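K.L.:
Before I ask anything, let me first share the structure, which is written out below as structure tokens.
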Amino acid sequence: MDRERLKKYRRLMSEVDLLKRQLEKTEPEYVEDSVNGSSPYFPYTQHKMHIEGYDLESYKRKVARLNKRIVNKMNELVEEKDSLIEFIYNIEDSEIRQIFIYKYIDGMLWREIAKKMNYSETAIRNKHRYYINTLK
């Protein structure tokens with residue numbers, strides 16, 4: 001487990017949120033057109049007709065594509081989250097484990113973690129950096 005892989009989890013979550021927002025914003029497109037037609041009765045006079053409405057087929061395709069992307073990203077996120085959680089909860093040192101939980105699972109800032117654990121921000125960063133460097 002390296003730092004980039006740990007950061008990837010938060011990026012995947014933000015990408016899933018982005019895709020969900022796109023899905024919520026997706027609306028059917030309103031279309032207008034004119035076509036030639038005739039009356040249903042004799043003498044079947046040809047004339048132009050104006051038609052308008054929502055293109056539901058296009059909308060359904062867009063929604064299906066976005067849903068597929070969301071499902072793929074969610075699957076990737078679940079796999080990454082499982083490996084991240086397994087890695088973090090296997091850290092023996094309780095302080096380091098808490099730092100990793102706060103940072104990577106809860107997404108807290110360094111200063112928030114330092115305040116929560118009653119350490120300086122520098123101390124928290126150094127403990128994190130030291131542990132990461134021991135993994136290499």
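K.L.:
With +1 on the Cβ of every Lys and Arg and -1 on the Cβ of every Asp and Glu, and nothing else charged, how large is the dipole of the chain about its Cα centre, in debye rounded to the nearest 20? Walk me through the numbers before you get to the answer.
P.N.:
Working: 27 positive and 23 negative charges, 134 e Å.
The calculated dipole for the chain is roughly 640 debye.
K.L.:
Let me ask you something else. When the helices in the chain are scored as -39500 (n - 2.57) per DSSP H run of 4 or longer and the sum is shared across all residues, what 222 nm value do you end up with, to the nearest 500 deg cm²/dmol? Intermediate results must be reported in sequence, preceding the final value.
P.N.:
Details: 5 runs with 87 residues, N = 136.
Rounded to the nearest 500, it is -21500 deg cm²/dmol.
K.L.:
Do the alpha carbons of any pairs in LYS7/LYS116; LYS62/LYS103; LYS20/LYS115; LYS81/LYS116; LYS8/LYS60; LYS7/LYS68 sit beyond 26 Å of each other, and which pairs?
P.N.:
Flagged as over cut-off: LYS62/LYS103; LYS20/LYS115; LYS8/LYS60.
K.L.:
Another one. Name the most mobile residue of THR26, THR45, THR122, meaning the one with the largest mean-square fluctuation, in a Gaussian network model of the chain with Cα contacts below 10 Å.
P.N.:
Comparing THR26, THR45, THR122 in a Gaussian network model of the chain, the most mobile one is THR45.
K.L.:
Out of MET74, SER58, GLN46, whose Cα points farthest toward the positive end of the dipole of the stretch 41-82 (charges: +1 Lys, Arg; -1 Asp, Glu; placed on Cβ)?
P.N.:
GLN46
K.L.:
Starting from the stretch 15-122, pick out the trypsin sites (Lys or Arg not before Pro) whose DSSP state is loop and whose Cβ has at most 10 other Cβ atoms within 10 Å. Mind showing how you got there, number by number?
P.N.:
Details: sites: LYS20, ARG21, LYS25, LYS48, LYS60, ARG61, LYS62, ARG65, LYS68, ARG69, LYS73, LYS81, ARG97, LYS103, ARG111, LYS115, LYS116; in loops: none.
Filter output for the stretch 15-122: empty list.
K.L.:
Okay, moving on. Between (1) 59, 14, 9; (2) 24, 21, 15; (3) 25, 16, 15, which entry matches semi-axes √(5λ) of the Cα gyration tensor in Å as derived from the coordinates of this structure?
P.N.:
The calculated read-out lines up with (1).
K.L.:
Just in the stretch 1-52: which chymotrypsin sites (Phe, Trp or Tyr not before Pro) are loop by DSSP and have at most 16 other Cβ atoms within 10 Å? Present the calculation step by step, with values, prior to reporting the outcome.
P.N.:
On the way: sites: TYR9, TYR30, TYR41, TYR44; in loops: TYR41, TYR44.
When the chymotrypsin sites (Phe, Trp or Tyr not before Pro) of the stretch 1-52 are filtered for loop state and at most 16 Cβ neighbours within 10 Å, TYR41, TYR44 remain.
K.L.:
Considering only protein heavy atoms and a probe of 1.4 Å, how much of the accessible area of the chain is carbon and sulfur, as a whole percent?
P.N.:
Values: 4940 of 10010 Å².
The computed percentage sits at 49.
K.L.:
Separate question: Using Cα centres only, tell me the gap between the stretch 36-85 and the stretch 103-136 in whole Å.
P.N.:
46 Å
The values are calculated or read from the model by the stated rules, or taken from the named source; none is laboratory data. Because the structure is a prediction, the values reported are computed rather than measured. Cβ sites come from the backbone with ideal geometry, for glycine too, and all protein chains shown count toward neighbours. Only protein heavy atoms, including side chains, enter the accessible area calculation; ligands, DNA and RNA are left aside. Shrake-Rupley method; radii C 1.70, N 1.55, O 1.52, S 1.80 Å.
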